[in-house]
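Colleague: Encoded as structure tokens, here's the structure I'll be asking about.
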Amino acid sequence: MPEIPDGYQTLDGSERRAAPGARLVGPADPAEVLSVTIHLRRKPGAPELPDEQYWADTPPAERHYLSHSDFAGTYGASPDDVARVSAFAREHGLEVQESDLAQRIVRVTGTTAQVSRAFGVELGQYETAAGHYRGREGPISVPADLAELIEGVFGLDNRQMARRAGGGGVITPVTPPQVAGLYNFPKPGSHIGRETIGLLEFSDPVAGTCGYNPADINAYFTTSMGIGPGYSTPALTDVGVNGATNSPGGPYDDEVALDIEVAGAVAQGAKIAVYFTTWDENGWVLALKKAAHPQTGDPHPSVLSISWGWAELHGLHDLSWSRAAIHAVHDAFREAAAFGVTVMVASGDDGSNCQVNDGHAHVYYPQSDPWVTCCGGTTIENVSGSSFDEVTWNDNGITGGGISDVFDLPFWQKAADVPLSVNPGHRQGRGIPDIAGYANGYSIVFDGANQGVYWGTSETAPLYAALTAIINSRLERRVGYLNPLLYVLGGTPVFRDIDDGGSNAANGVPGYTAGPGWDACTGWGSVNGHDLLHMLRRFEHHH
């Protein structure tokens, strides 16, 4: 651990340990140039952003969303704080690349040696079974007079903090439009073209390959290789974040194609923005800030779909995320809600284990964040016309779900009979998922061919992101943050309850069981889109 330089103090929430099984093999290359994000506090005296209670009490028709132009002046960082932090960076030989009052960030570049001195860290090269990363252990420190201005520093450590939720297997697939039909989704309204669905996609910051080929997407919609002909290809915009771009050729290209094809097939006419970012904490923070605070010329998403996550904890009490990163991501979701952006996140496909393999139940983050709607997985069986059976998805992958170790039980979840954690200590916390939907496989087009079958809860998040875009187009306004409303509707015909006794126990780890009402496998169940639209309209007329 480095010594804290004179006149410095440690940054609260910045502590990190080595990744499990990682070995320090030597110091980081002192000449490597790093891009670092400094996340600042809100300006002193700034009002609070609307809280969960405001959204619970305010039906969509009466919600007042903030304007991007007013946000920076009211809720952003103070220009004086930005100036002081920028001056500190320059004193250490760092170059200020960008500062943004609304996002509350200052982005700087410098060599490993310069950055290590500026932030009082020792950066090393670590080897793991999955590859290597540049990392650090212990806290970050900054000059004592800046410590209260700075909420987090990201980009020093580029370990992997995002893994995809989907996989592949052999089953009999349906198509996204068929599932939307079974779930009684309404047809898009005439203003669907005003809606933009944002998709977050992640790549290795070193290899940097992740993307899609527009010809594959076009073939999916317009030829018999996919669901075509007869569908229109969505208008796609790529947004590069933290140096990542649309660069196909990586192992996760199928995830990108799946997300685009599901969202675009269901919300025909909506635009799609694909945010390419790096899979470290810095990539998460920057992508969500970018989506929540679009600049001139950027897409303005009304809903985000995220099919990636990382376990909250390494072990029973050991955070794998830094607290500062969770705080910054949580903040970005709350800001997105203030602009009327809905966020759908796939619960994961490794059941209660979350690929941690320590014998304890886990959930992923940001899946567990109370500001996102977490989407678990189901299997649709015995389809006959509009009738079908639906069960917990746990045959080729297993729906994620459980109790957060980071977030307390939100007030809107208190009447849902959320169980205690199955882990020792039996904590009461935020339960996920909130809803569930078909995860048992679609054929997709990528690499110039029909490839199948891809399954996972990463089919559920873009499905419900598409439903949100459709509902927005029908109401002609953004529904925004949905969770408090969904829990008011729990147990109504808006949801098809999955009560099959299915479990999401995985790899010898205890799990949770699907039963009547809300459960930590399938939430409230799958959503009847038409009934949800109807109830949202009724909220408006009864208020």
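The values are calculated or read from the model by the stated rules, or taken from the named source; none is laboratory data. Keep in mind it's a predicted model, so treat the numbers as computed, not measured. Backbone-built Cβ (ideal geometry, glycine too); neighbour counts: all protein chains shown.
Colleague: Can you work out which of the residues in region 74-111 that are within 27 Å of the chain's Cα centre (by Cα) and assigned to a helix (DSSP H, G or I) is surrounded by the fewest Cβ atoms within 10 Å (Cβ to Cβ)?
Modeller: Once the filter is applied, the top-ranked residue is Thr74.
Colleague: Further, regarding this structure: Can you name the number of the only condition in (1) of a type outside the set (Gly, Ala, Ser); (2) farther than 20 Å from Ser386 by Cβ; (3) out of contact with any helix residue (DSSP H, G or I) (no Cβ under 7 Å at 6 or more places or on another chain) that Ile498 fails?
Modeller: Answer for Ile498: the failing condition is (2).
Colleague: If I go through region 11-43 residue by residue, how many of them are surrounded by fewer than 18 Cβ atoms within 10 Å (Cβ to Cβ), in contact with a Ser or Thr (Cβ under 7 Å, 6 or more places away or on another chain) and over 21 Å from Val285 (Cα atoms)?
Modeller: 5
Colleague: Further, regarding this structure: What residue, of Gly167, Gly155, is at pLDDT 95 or above and either touching a helix residue (DSSP H, G or I) at 6+ places or on another chain (Cβ under 7 Å) or assigned by TED's automatic domain parsing to the domain that holds Ser305 (or both)?
Modeller: Sole residue among the options that is at pLDDT 95 or above and either touching a helix residue (DSSP H, G or I) at 6+ places or on another chain (Cβ under 7 Å) or assigned by TED's automatic domain parsing to the domain that holds Ser305 (or both): Gly155.
Colleague: Now, a different point. Determine whether region 293-300 contains at least one residue that is touching a strand residue (DSSP E or B) at 6+ places or on another chain (Cβ under 8 Å), in contact (Cβ under 8 Å) with a residue 12 or more places away in the chain and crowded, with 24+ Cβ neighbours inside 10 Å.
Modeller: No, region 293-300 contains no residue that is touching a strand residue (DSSP E or B) at 6+ places or on another chain (Cβ under 8 Å), in contact (Cβ under 8 Å) with a residue 12 or more places away in the chain and crowded, with 24+ Cβ neighbours inside 10 Å.
Colleague: Right, here's the next one. Among the residues of region 395-417, which ones are assigned to a loop (DSSP other than H, G, I, E, B) and of a type outside the set (A, V, I, L, M)?
Modeller: Asp395, Asn396, Gly397, Thr399, Gly400, Gly401, Ser404, Asp405, Phe407, Asp408, Pro410, Asp417
Colleague: Same structure, new question: State all residues of region 373-421 that are at pLDDT below 95, more than 18 Å from Ala514 (Cβ to Cβ) and either buried (at least 22 other Cβ atoms within 10 Å of the Cβ) or of a type in the set (Ser, Thr, Tyr) (or both); if no residue qualifies, say none.
Modeller: Ser384, Ser386, Ser387 - these are the residues of region 373-421 that are at pLDDT below 95, more than 18 Å from Ala514 (Cβ to Cβ) and either buried (at least 22 other Cβ atoms within 10 Å of the Cβ) or of a type in the set (Ser, Thr, Tyr) (or both).
Colleague: Continuing with the same structure: From the list Ser232, Ser203, Ser224, which one is of a type in the set (S, T, N, Q), surrounded by 19 or more Cβ atoms within 10 Å (Cβ to Cβ) and at negative phi?
Modeller: Matching residue, one of Ser232, Ser203, Ser224: Ser203.
Colleague: Here is a follow-up. Report every pair of residues separated by at least 6 positions or lying on different chains whose Cβ atoms are under 8 Å apart, first residue within region 433-461 and assigned by TED's automatic domain parsing to the domain that holds Gln413, second surrounded by 23 or more Cβ atoms within 10 Å (Cβ to Cβ) and basic (Lys, Arg).
Modeller: Gly456/Arg164; Ser458/Arg164
Colleague: Gly340: at pLDDT 95 or above, in a loop (DSSP other than H, G, I, E, B) and under 17 Å from the mean Cα position of the chain (by Cα), yes or no?
Modeller: It is true that Gly340 is at pLDDT 95 or above, in a loop (DSSP other than H, G, I, E, B) and under 17 Å from the mean Cα position of the chain (by Cα).
Colleague: Restricting attention to region 490-543, which residues are outside any loop (DSSP other than H, G, I, E, B) and aromatic (Phe, Trp, Tyr)?
Modeller: Across region 490-543, the qualifying residues are Phe495, Phe539.
Colleague: Only residues in region 511-522 that are at negative phi and surrounded by fewer than 24 Cβ atoms within 10 Å (Cβ to Cβ) count as the first member; pair them with residues that are not acidic (Asp, Glu) and not in a loop (DSSP other than H, G, I, E, B), Cβ under 6 angstrom, at least 6 apart or cross-chain, and list the lot.
Modeller: Gly511/Ser503; Thr513/Ser503
Colleague: Restricting attention to region 119-138, which residues are of a type in the set (Lys, Arg) and either surrounded by fewer than 16 Cβ atoms within 10 Å (Cβ to Cβ) or part of a loop (DSSP other than H, G, I, E, B) (or both)?
Modeller: Arg136
Colleague: Could you please give the count of residues in region 1-53 that are acidic (Asp, Glu) and closer than 19 Å to Gly155 by Cβ?
Modeller: Selection size over region 1-53: 4.
Colleague: Still on this structure, I have one more. Given Ser352, Ser368, which one is farther than 30 Å from Ile470 by Cα, touching a residue at least 12 places away in the same chain (Cβ under 8 Å), assigned to a loop (DSSP other than H, G, I, E, B) and assigned by TED's automatic domain parsing to the domain that holds Ser473?
Modeller: Matching residue, one of Ser352, Ser368: Ser352.
Per-residue answers, yes or no, for (1) within 19 Å of His327 (Cα to Cα); (2) among the aromatic types (Phe, Trp, Tyr); (3) in a loop (DSSP other than H, G, I, E, B):
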| residue | (1), (2), (3) |
| --- | --- |
| Asp12 | yes, no, yes |
| Ala18 | no, no, yes |
| Gly21 | no, no, yes |
| Leu24 | no, no, no |
| Pro30 | no, no, yes |
| Gly45 | no, no, yes |
| Leu49 | yes, no, yes |
